[in-house]
1. State the extension gain, in nm to one decimal, for the chain segment bounded by residue 286 and residue 221, taking 0.36 nm per residue of separation less the distance between their alpha-carbons.
2. What is the stretch 244-392's relative contact order, in percent, from Cα pairs under 8 angstrom and six or more apart in sequence?
3. Could you check the simple spin-label distance between residue 322 and residue 184, using points 7 Å along Cα→Cβ, in nm with one decimal?
4. Would you give the gap between the C-alpha center of the stretch 313-353 and the C-alpha center of the stretch 119-185, rounded to a whole Å?
5. Taking 0.36 nm per residue of sequence separation and subtracting the Cα-Cα distance, how much length would be gained by fully extending the chain between residue 105 and residue 304, in nm to one decimal?
6. Run the quick spin-label model on residue 363 and residue 122: label points 7 Å from Cα toward the beta carbon, then report their separation in nm to one decimal.
7. From the cross-link list 162/286; 229/344; 286/371; 201/371, which pairs have alpha carbons spaced over 32 Å apart?
8. Of the listed values [x] 87, 49, 40; [y] 79, 44, 36; [z] 66, 42, 41, grab the one calculated as Cα extents along the principal axes in Å from the structure here.
Amino acid sequence: MPSALLALEDGSLFYGESIGVPGQAVGEVVFNTAMTGYQEILTDPSYARQIVTLTYPHIGNTGTNPEDMESDGVYATGLIIRDLPLAYSNFRATESLPEFMRRYKVVGIAGIDTRRLTRLLREKGAQNGCLLAVDKGGKLDKNVALQAARAFPGLKGMDLAKVVSTKKPYSWDEGPWELGKGYARPEQTRFHVVACDYGIKRNILRMLTARGCRVTVVPAQIPAQDVIKLKPDGVFLSNGPGDPEPCDYAIESIRRLVDTGLPVFGICLGHQLLGLASGARTVKMKFGHHGANHPVLELATGRVMITSQNHGFAVDEASLPAYLRVTHRSLFDGSVQGLERTDKPAFCFQGHPEASPGPHDVASLFDRFIKLMEKQVQDSRYKIQESKEANV
């Protein structure tokens, strides 16, 4: 097998086998505790400029397929795993994980002690790192890898939303996947949702479509007035990579959209951006939340939900203004997981309620968004009726 090396900025070295293409990949090294969904993780734009370590030891068992893509390609900078099975088996699979990675030109490493690496990241925090892979017989230069890892500036202060975002608006009408049917197409729609793309996942769009929404996806840097011209019933703020604070274009646009009274729903980076637009601050976390088994408390009901998470920044609770209320809290570290405006129909959630392949404990937040739009439409009709009656 070809050789590969992972070098961290603290000088730690991990030697293993290459499972992707030869080359060099530099980014922030994080760990993800999910047991399934490696293809969805690799194709999630939120992982841009990150090298993902999967803590579950056996990765690649079920191969890959074209239906489980969360975007049009692989956005994770690199992949680190413990063991790559010799064979894969699933009735939906069309190619192996290494074939998939080579097709998308992804650097990866297998055969390292991911437990040791995970402990290191938990103790020291997310590390900048370099993955170096060579062809069979090639030479690995640890000094080159260490230098590249230490030269990476880190995600703090890095605006990646505009990098991964769509360049032009487009319509989305694909619904959830069903066994034997594939992705459904809705027969009719009730609401028009404008989705601001900061790195949006396709399953988010499917969750909106499944609830009767006609969705228009727009670039991250679209001004608020251009969103309003599209006459939406609600605005969705998507997930995405990088630091939310440099996204001043999005923060200003969201502030104006919230002020109009339009229903607004944010997820992940969208959650952080809504917080910033409402006057709060964000902070870089030590190693972030990445996985599909994170318990979150819903404060209003006391209900505990298992959620999918993927973020390295969080809204600072100490900075919340009086009109921004905490609705959900992480049971791992107490960090803010959900917020709502008490003066406007706007709310957000830090995790991924639409998670594919799961869990789906928090999917009801999409229903809440629908109810806000229903109320908005009813109120608008009432005002129009009042105006007509006043002119009689």
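1. Roughly 20.5 nm would be gained on extension.
2. Once normalised by length, the contact order is 24 percent.
3. 4.6
4. Using only Cα atoms, the two centres lie 26 Å from each other.
5. 67.7 nm
6. A separation of 3.1 nm, rounded to one decimal place.
7. In this structure, 286/371 lie more than 32 Å apart at Cα.
8. Label of the calculated value: [x].
The values are calculated or read from the model by the stated rules, or taken from the named source; none is laboratory data. Keep in mind it's a predicted model, so treat the numbers as computed, not measured. Because the Cβ atoms are built from the backbone with ideal geometry, glycine has one as well, and the counts that use them run over all protein chains shown. Just so you know, the surface numbers come from the protein's heavy atoms only, side chains and all, with ligands and any DNA or RNA stripped out. Shrake-Rupley method; radii C 1.70, N 1.55, O 1.52, S 1.80 Å.
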